[in-house]
Amino acid sequence: MGMSATNSWWNGAVIYQLIPRSYSDGNGDGIGDLQGLTSRLSYLRWLGVDAIWLTPIYPSPLQDGGYDITDFENIHPELGDLAAFHRLLTVAHGQGIRVILDLVLNHTSQLHPWFQRARWAPKESQERDVYVWSDDPSRYSEAPVLFRNFESSNWQWDEVAGQYYFHRFLRHQPDLNYENPWVQAQMLGVVDFWLERGVDGFRLDAVPFLFETDGTRCEGLPETHDFLKKVRKRVESAGRDILLLAEAIQPVEEAAPYLADDELHGAFNFALTANLFAAVASGRSHNLRLCLNDSQHAVSGCRWALPLRNHDELWLGDGHLVSEEVIKTIRTGLHQGHGHWLNWGINRRLAPLLNGDPRANRLLHALIYSLPGMPCLYYGDELGMGDWPGLRDRDPNRTPMAWTPARNGGFSNAPEPLLVLPPITAPGYDYRVVNVEVQKQLPGSLLNWHRRMLTCRRLLHALRLGDFELLDASHPSVIVFLRCTETMKVLVAANVSAAGASLRLDLSRWEGARTREVLWGCEYPMANKDWFVYLPSYGFSWWLIGEVEDTFK
Ligand code: NOJ
């Protein structure tokens, strides 16, 4: 990692993901919008996040939650306009919050003018060549169908064109043809457009799929990496610190190449996410430790983004992302209820997946807040919000944010039938109880816990920037690691099981050094060879070892 990367704003940053349509409705039409979001930025500052990532805000027929775009350089009229976006950015920056946009490079909506032009244009013409066409739907047959609940092939016959077009996602989302230099130039132009408007970063959707080659899974091909390097050059020419964050649902060793020094700055570590869940599902930390080792070995430093849940299903893949053993552990050990398997994963929000257990919920967040990387918090998970089983596709976990106990959870003034999705009133998760206003006033709430953790984390720069070293926990349910900078050493221990755990740690390396637990604020015995720790059910602790040469002196 070069010097400039170490000083970049995203190092160890906490990223809060939100769906603008579901976050806050500013104009009372039942749909969340940029105006509503702008009015909630003070809440996000209070909570203590560093950046917000907005799922796509562009014009779209919304056949895939806005990932089907008809105009890359505009705002969906239901969300606002470019002036509203400018206001959002100005207020966010004023509050010290960065703004990350979702950039969908791989495909457009079928209603995008480029696609409409392509299907009417003659075969072999420049216009047709903007997408991936074939007379033979058996091409690229080794590329798995990702949305297998909705599609059975990656090819769709087009009557007008008289050819099949390729789509890695829904048939409403034809893949752009990156072999075509015009496509590359257009999409780099889109990057410029948003950079000129002042955004701080891009979450690059579906990056592995830009190019296709027969006989491969069509994922992460060399040409794809070459194009991403061009994107990197382009953002560098802006002369500001712009984060490029890859969404590549691939095993660690396949996701790591996106993090080459001249490519992207960060990538989600979905294999780690799966292993975090599997650890809690089994009460065993072994596979999690292995995955952490692999992740650090593949890319050291703090460049992995660490989500628990997001707006998609919990992606488990076909045994490609993680081992069958991890998949089985999750499927048998976490609460799912009926009908929650979608595509290759599980379609539940975090709290219901954990069967409403706040201890496991805190533990998982405590882990992402202390592991090296960028923790990602999905809107509503700071409250333990529930989901609405039975809604179509991934809508169960995209429901309106719960702000107050008032009508519609304070999300909107519109009559309920007009709302983008129904607010949660499911038992145990009813918005009259699970909402920001109520939890702010309860000192022991999950919301106040998140805020306190983020405050502590901000003070412990070793948790944001420090090196990572796994220690031997000598207990099957516990994971112990060290985060160190030159001036600060933080020891972290976490118990992934529902049973309490006592263990002894060999801290002879720091023999006689002072140890202080930070979260509960208590002194421990001096470091020694036989240092005793007790962690309750799903317990975790952060200890400062020795004196701190700056902040905590
Ligand atoms: C990944 C996004 O997270 C998902 O919501 C979307 O459906 C696909 N990419 C296609 O854009």
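Criterion applied to 131, 164 was being buried (at least 21 other Cβ atoms within 10 Å of the Cβ) and more than 13 Å from the ligand (Cβ to nearest atom), and the one residue passing it is 131.
Going through (1) crowded, with 16+ Cβ neighbours inside 10 Å; (2) away from the ligand (no atom under 16 Å from the Cβ) one by one, residue 116 falls short only on (1). Set side by side, the residues 510, 542 differ, and just one is buried (at least 16 other Cβ atoms within 10 Å of the Cβ), among the aromatic types (Phe, Trp, Tyr) and closer than 30 Å to residue 329 by Cα, which is 542. One residue stands out in the stretch 365-409 among those that are touching a residue at least 60 places away in the same chain (Cβ under 8 Å) and of a type in the set (Phe, Trp, Tyr): the one that is farthest from residue 266 (Cα to Cα), namely 403.
For the criterion of being surrounded by 14 or more Cβ atoms within 10 Å (Cβ to Cβ), assigned by TED's automatic domain parsing to the domain that holds residue 56 and either under 22 Å from residue 57 (Cα atoms) or of a type outside the set (Gly, Ala, Ser) (or both), residue 190 passes.
Here is a yes/no grid of residues against (1) assigned to a helix (DSSP H, G or I); (2) of a type in the set (Ser, Thr, Tyr):
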{"site": "26", "(1), (2)": "no, no"}
{"site": "37", "(1), (2)": "yes, no"}
{"site": "42", "(1), (2)": "yes, yes"}
{"site": "56", "(1), (2)": "no, no"}
{"site": "64", "(1), (2)": "no, no"}
{"site": "72", "(1), (2)": "no, no"}
{"site": "89", "(1), (2)": "yes, no"}
{"site": "99", "(1), (2)": "no, no"}
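With respect to the numbered conditions (1) under 30 Å from residue 490 (Cβ atoms); (2) surrounded by fewer than 22 Cβ atoms within 10 Å (Cβ to Cβ), which one is the sole condition not fulfilled by residue 327? Here residue 327 clears every test but (1). Look at residue 148 and say whether it is assigned to a loop (DSSP other than H, G, I, E, B), in contact with a helix residue (DSSP H, G or I) (Cβ under 6 Å, 6 or more places away or on another chain) and basic (Lys, Arg). Judged against the criteria, residue 148 is not a match.
Answer yes or no: is there a residue in the stretch 398-412 that is within 16 Å of the ligand (Cβ to nearest atom) and buried (at least 18 other Cβ atoms within 10 Å of the Cβ). Scanning the stretch 398-412, I find at least one residue that is within 16 Å of the ligand (Cβ to nearest atom) and buried (at least 18 other Cβ atoms within 10 Å of the Cβ), so the answer is yes. One residue stands out in the stretch 67-88 among those that are closer than 19 Å to residue 186 by Cβ and in contact with a Ser or Thr (Cβ under 6 Å, 6 or more places away or on another chain): the one that is nearest to the ligand (Cβ to nearest atom), namely 68. The residues in the stretch 334-368 that are under 22 Å from residue 54 (Cβ atoms) and of a type outside the set (Lys, Arg) can be counted, and the count is 4. Of all residues in the stretch 461-485, those being farther than 17 Å from residue 540 by Cβ and touching an Asp or Glu at 6+ places or on another chain (Cβ under 8 Å) number 3. Restricting attention to the stretch 76-115, the residues that are within 18 Å of residue 39 (Cβ to Cβ), in contact (Cβ under 8 Å) with a residue 60 or more places away in the chain and out of contact with any Gly (no Cβ under 7 Å at 6 or more places or on another chain) total 4.
Every condition in (1) within 16 Å of the ligand (Cβ to nearest atom); (2) closer than 30 Å to residue 336 by Cα; (3) out of contact with any Cys (no Cβ under 8 Å at 6 or more places or on another chain) is met by residue 268 except one, and the failing one is (3).
Candidates are the residues of the stretch 167-181 that are more than 21 Å from residue 235 (Cβ to Cβ) and among the hydrophobic types (A, V, I, L, M, F, W, C); the one that is farthest from the ligand (Cβ to nearest atom) is 170.
Of everything listed in (1) assigned by TED's automatic domain parsing to the domain that holds residue 243; (2) within 14 Å of the ligand (Cβ to nearest atom), the single unmet condition for residue 148 is (1).
Within the stretch 332-354, take every residue that is in contact with a Leu (Cβ under 8 Å, 6 or more places away or on another chain) and free of Cβ contacts under 8 Å to residues at least 60 places away in the same chain and give me the one that is surrounded by the fewest Cβ atoms within 10 Å (Cβ to Cβ). Here the answer is 335. Taking the numbered list (1) of a type outside the set (A, V, I, L, M); (2) outside any loop (DSSP other than H, G, I, E, B); (3) closer than 30 Å to residue 21 by Cα in turn, residue 317 passes all entries but (2).
Going through the stretch 424-444 one residue at a time, which ones are without any contact (Cβ under 8 Å) to a residue 24 or more places away in the chain and either among the charged types (D, E, K, R) or surrounded by 16 or more Cβ atoms within 10 Å (Cβ to Cβ) (or both)? Within the stretch 424-444, 430, 440 meet the criteria. In the stretch 470-487, the qualifying residues are those that are assigned to a loop (DSSP other than H, G, I, E, B) and not acidic (Asp, Glu), and the one that is farthest from residue 283 (Cα to Cα) is 487.
Yes or no, residue by residue, for (1) touching a helix residue (DSSP H, G or I) at 6+ places or on another chain (Cβ under 7 Å); (2) part of a helix (DSSP H, G or I); (3) under 27 Å from residue 169 (Cα atoms); (4) within 16 Å of the ligand (Cβ to nearest atom):
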residue	(1), (2), (3), (4)
291	yes, yes, no, no
296	no, yes, no, no
332	no, yes, no, no
369	yes, yes, no, no
376	no, no, yes, yes
382	yes, no, no, no
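Within the stretch 193-235, restricting attention to residues that are touching a Phe, Trp or Tyr at 6+ places or on another chain (Cβ under 8 Å) and assigned to a strand (DSSP E or B), the residue that is surrounded by the fewest Cβ atoms within 10 Å (Cβ to Cβ) is 205. Under 8 Å between Cβ atoms, which residue pairs at least 6 apart in sequence (or on different chains) link something in the stretch 311-328 that is under 18 Å from residue 348 (Cα atoms) with a partner that is small (Gly, Ala, Ser) and in a loop (DSSP other than H, G, I, E, B)? Once the first residue is under 18 Å from residue 348 (Cα atoms) and sits in the stretch 311-328, its partners that are small (Gly, Ala, Ser) and in a loop (DSSP other than H, G, I, E, B) give 311/65; 327/317; 327/319. Please find, within the stretch 445-467, the residue that is surrounded by the fewest Cβ atoms within 10 Å (Cβ to Cβ) out of those that are within 22 Å of residue 297 (Cβ to Cβ) and in contact with a strand residue (DSSP E or B) (Cβ under 6 Å, 6 or more places away or on another chain). The qualifying residue surrounded by the fewest Cβ atoms within 10 Å (Cβ to Cβ) is 467.
The values are calculated or read from the model by the stated rules, or taken from the named source; none is laboratory data. Bear in mind the structure is a predicted one, so any value in this text is a computation, not a measurement. Note: ideal-geometry Cβ built from the backbone for every residue, glycine included; neighbour counts use all protein chains shown.
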